[in-house]
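A short worksheet on the structure shown next.
Here, each number is a calculation from the coordinates, and none is a lab measurement. Keep in mind that what you see is a predicted model, and the values were worked out from it rather than measured. Cβ sites come from the backbone with ideal geometry, for glycine too, and all protein chains shown count toward neighbours.
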Amino acid sequence: MTILKAASPVAGDLTASSGGEVIADKEDVLSEILLRLPTKYLLQCCCVSKHWHSLISAPHFRRRHCRRHASTSTATGLLLFRTFSFKHLMDHLVYFPNNSNDKNCYSRTIPSSIRRFHYPLAFSGFHHLHSCNGLLCFGLLLAPCECNLYVYNPCTCSYASLSLPKKFSLSTIKAINLAFDPSRSEFYRIICIYAYNSENDNDPFGDHVYKILIYASESGTWKDTGKGFSDKYDYLLKRGVFSRGCIHWVGENKPFLAFDVENERFRTMPSTSVPENGRKICYFGDWGGRLHVIQECDGGAASLVDVMELQKDYSGWSLKYRIDIGYLGRGIGGNADGIKVDVLCLVEANGEGKTMLIVSAQGRILSYDIVDRTFEEVCNVSNFASVKQDPLEYKYKWGQAFQHFETLACV
């Protein structure tokens, strides 16, 4: 028979506060509790104490948290960059209007934690900008002939600096794509596409050849894969999309291209139809592991665009929506002429069952519900400028918007 003894008065008088202190002293229990918190709240917990800050900042904890939340992580907003003289200037962090009725939280200028990294160090702007699942990759021109590459986590303000191999420079690199999937690995790859000039007239690649150079973060080394392809200003190489283990590129006339990063080989990828004057790509991106391309409708009115999704088995593209961008421009502009609208991102709000376009129109960022055909202003980014400028200065395009993920991923 088990005899249960009454707790002593001292034990019975334990308060919630003292119970919290007991948990705080049990690091393994505390870790398990903190691992369950979303990144946003976990970063706030860093301010509780030095002990908590040290625990949350530890690389092994960050890796565990990243793996745990990888399958449920979705983009929370967009980082917007203005392009000036072929350089990118980070402007705003715009949040998607998914989970709040408070419009004041939808947008703000870039937080000081992010600004601290690139001002004044990157006063000349970013070069070869790309992002993937919460990490940014870019080049900084530190001297006339010196360019360092950085991989940066805006949430943790941590970054890694690396140099290109000696025979490569900013001028020879045509594009940089980042490949990072925390559900598969804690490491990332940087895919550099460089111009290859062959002195062999019988080279099978011919003119306008590009080859692929890969950096592996687990080993800290570069590898020239020798894999190449021919392209003459067709593929949108700077806006490759990493999904399902491959970097995908779209183009105006050629078949779409996919590169298997792990196995270092090209693979077959279906393409959309090519109109007589070539594809007019308005957007290409990933949401929840699904690839989407938006292009002007073939044979329809100039203002019509098709939203297509790639089948999971790579069997082809399916038409999801046909949208009258002209209607949207007229609604936003408030007149018959309308204004130019640029698509920045396609967002599927799974909790609400909505599919939205995030668009830019003369300094305004808006969300457009594709099914209901309604729109609302997310923010007017030109209002954040310290000096009032022409709204056209803040007319962002698809290539200037990058999905922002809240992640503790190590770099």
Which FRET efficiency, nearest 0.05, do Glu376 and Thr72 yield, Cβ-Cβ r, R0 35 Å? 0.85
Among 238-250, 36-48, 62-74, how do they line up from the highest to the lowest mean number of other beta-carbon atoms within 10 Å? 238-250, 62-74, 36-48
Could you check the simple spin-label distance between Glu27 and Lys223, using points 7 Å along Cα→Cβ, in nm with one decimal? 3.6 nm
Can you give me the distance in nm between label points at Phe187 and Cys157, each placed 7 Å from the Cα along the Cα-to-Cβ direction? 3.0 nm
Please compute the length gained on full extension between Lys232 and Lys167, using 0.36 nm multiplied by the number of residues separating them and subtracting their Cα-Cα distance. 21.1 nm
In the structure shown, of Lys238/Lys320; Lys227/Lys312; Lys167/Lys312; Lys238/Lys340; Lys166/Lys280; Lys320/Lys340, the pairs separated by more than 31 angstrom at the C-alpha atoms are Lys167/Lys312; Lys166/Lys280
Extension gain Ser318-Glu276, at 0.36 nm per residue separation less the Cα-Cα distance, in nm? 13.1 nm
Please give the contour-minus-distance gain from Ala195 to Asp337: 0.36 nm per residue of separation, less the Cα-Cα distance, rounded to one decimal in nm. 46.8 nm
Nearest-0.05 FRET efficiency for Thr268 and Trp52, computed from C-beta distance (R0 45 Å): 0.35
